[in-house]
Amino acid sequence: MRRDLGPVPAQTTPALLVAGGGFVAGDKGLSAVMLRHAGLAEQATPRGRVSIEGLLLRPPRVLVISRYHPGETSANAAWAEHPALRRLPAGVRRIATDGRRWTCLGPGLAPEIARLRAALAG
Amino acid sequence: MTPARLIAALALLTAALAMASLAWDPAGLRAVAARDPDLARAILLELRLPRTALALLIGASLGAGGAAMQGLLRNPLASPDVLGPSTGAALGAILAGYQFGGGPLAIAGGGITGAVAALLLLLALAGPAAGTATLVLAGVAISALAGAAMNLALSLAPSPYALYDLMFWLFGSLADRSLPQLAIAAPWLLLGTAALLACRHRLDSLALGEDVAQSLGVDIPRLRWTIVIATGVTTGAGVAVAGSIGFVGLIVPHLVRPLVGGRPGAALLPSALAGAALLTAADMAVRLPIAGEELKLGVLTALIGAPFFLALVLRGRGQ
């Protein structure tokens, strides 16, 4: 797990890990600690949630979208498919992540962190 | 105030609130427009327009539906959001979407079916001329049954996100609605509200008693079916895209009826306008954070409506 997580890079990129419904990870939790190993610094967000308008007005440099059981109906999943998200500036890097790994934050997350690190570098 | 002046005043108020909703945080919007006009246009057209339009249409349909039901059942506590149709609509939408995997159209269809079924069950349990106690009891029973079934359906849904959605279905929200959702709900909301408004003269006749209404040529069973189906359609379509938003249909007719001489039919159009204004204002109020948190729309309408509901019950007891 330590090998997959890797050291925290000296420079991190501001990012937002957002799940369906606009729920965000928060900048002080375990998810934020894990994201730093991928070179991403989770932005502080009031109320633990972002609206789509908020995302468009104050876009992060990197948007990590957590996808959980895609194709199954839920209002939260539908949020992530909102047509207005197409209007995010072209400079915003969008990376999808497997939402199941972030649910339990166990050893299974380490390969996902390694994948995110590689995706960011690529 | 004459009915025409009342309608004009309410229409102006509704239009002003709609403009305020679209132009929310005008300084911020101007700043965005200055640096990226396309983004400002996208925010207005793809986010704020569906949100505001749905607030107007759903508010109008709840106001008109509440006024029509109170006129039809001759009961001041009758409304689509208190007596079971809202919860029935949410159950129908949940079954269609989460259990059967239907898309947005199927969810709207499920919502409409659930609302109509709940209304038919209400009429079957309570009867068309039920007293207040019987009506409220029947409505509570239907709401409890549909609410329990909703919980079960979400708990057993394939998506693990489903249970998180319970808050949306119970408390409602217009945040982050989309143009496709507006396109699905709007025709049903408009058609249903128009059908309700077309009943205004017959409702005024019914207020004189069924015998008098029949002698004036009112087909009472047809009027009853029209109001039940139209209220079910509008409630179902609204709940399918915005969740359950309570008490608007209950409060608004009571505020309007004294201004139109107590006539149930004359109260329909003003109730629709007042419902649209109330829901648009409430949707703006929930955008103001309270202790850093944004309230759900249905929580705010319940905070306003529940004390009003209690006051009605106490007043009815006193009589």
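Only one residue in B:Gly88, B:Gly71, B:Gly28, B:Gly102 is over 26 Å from B:Met284 (Cβ atoms) and within 14 Å of chain A (Cβ to nearest Cβ), so which one is that?
Testing whether each residue is over 26 Å from B:Met284 (Cβ atoms) and within 14 Å of chain A (Cβ to nearest Cβ) leaves just B:Gly102.
Any residue that is without any contact (Cβ under 8 Å) to a residue 12 or more places away in the chain and within 14 Å of another protein chain (Cβ to nearest Cβ) - is there at least one of those in the stretch B:8-24?
Within the stretch B:8-24, one or more residues are without any contact (Cβ under 8 Å) to a residue 12 or more places away in the chain and within 14 Å of another protein chain (Cβ to nearest Cβ).
Spot the failing condition for B:Gln319; the list is (1) within 13 Å of the chain's Cα centre (by Cα); (2) at pLDDT below 90; (3) polar (S, T, N, Q), and only one is missed.
It fails just one condition, (1).
Please pick out the residue among A:Pro14, A:Pro111 that is at pLDDT 80 or above, surrounded by fewer than 19 Cβ atoms within 10 Å (Cβ to Cβ) and within 30 Å of B:Ala40 (Cβ to Cβ).
A:Pro14
If I filter the stretch B:178-205 down to residues being over 28 Å from A:Arg86 (Cβ atoms) and among the polar types (S, T, N, Q), which single residue comes out as surrounded by the fewest Cβ atoms within 10 Å (Cβ to Cβ)?
B:Ser205
Can you spot a residue in the stretch A:28-40 that is of a type outside the set (Lys, Arg) and under 23 Å from A:Ala84 (Cα atoms)?
No, because not a single residue in the stretch A:28-40 is of a type outside the set (Lys, Arg) and under 23 Å from A:Ala84 (Cα atoms).
Give just the number: which of (1) surrounded by fewer than 16 Cβ atoms within 10 Å (Cβ to Cβ); (2) modelled with pLDDT under 90 does A:Pro83 not satisfy?
If we test A:Pro83 against (1) surrounded by fewer than 16 Cβ atoms within 10 Å (Cβ to Cβ); (2) modelled with pLDDT under 90, just (2) comes out false.
Can you give me the ranges of the strands (runs of 3 or more DSSP E) entirely in the stretch A:2-113 with at least 1 residues that are in contact with a helix residue (DSSP H, G or I) (Cβ under 6 Å, 6 or more places away or on another chain) and within 11 Å of chain B (Cβ to nearest Cβ)?
Fully inside the stretch A:2-113 and qualifying: A:62-67.
Pull up the stretch B:141-170, narrow it to residues that are touching a residue at least 60 places away in the same chain (Cβ under 8 Å) and within 18 Å of the chain's Cα centre (by Cα), then point me to the one that is farthest from the other protein chains (Cβ to nearest Cβ).
Here the residue is B:Ser143.
Conditions: (1) under 29 Å from B:Leu297 (Cβ atoms); (2) of a type outside the set (D, E, K, R); (3) assigned to a helix (DSSP H, G or I). B:Ala175 meets all but one. Number of the miss?
(3) is the only condition that B:Ala175 fails.
Just wondering, is there one or more residues in the stretch B:92-103 that are at positive phi, in contact with an Asp or Glu (Cβ under 9 Å, 6 or more places away or on another chain) and surrounded by fewer than 24 Cβ atoms within 10 Å (Cβ to Cβ)?
Yes, the stretch B:92-103 has at least one match.
The values are calculated or read from the model by the stated rules, or taken from the named source; none is laboratory data. Since the model is a prediction, treat every value here as computed from it, not as a measurement. Note that we place each Cβ from the backbone using ideal geometry, even for glycine, and neighbour counts take in every protein chain shown.
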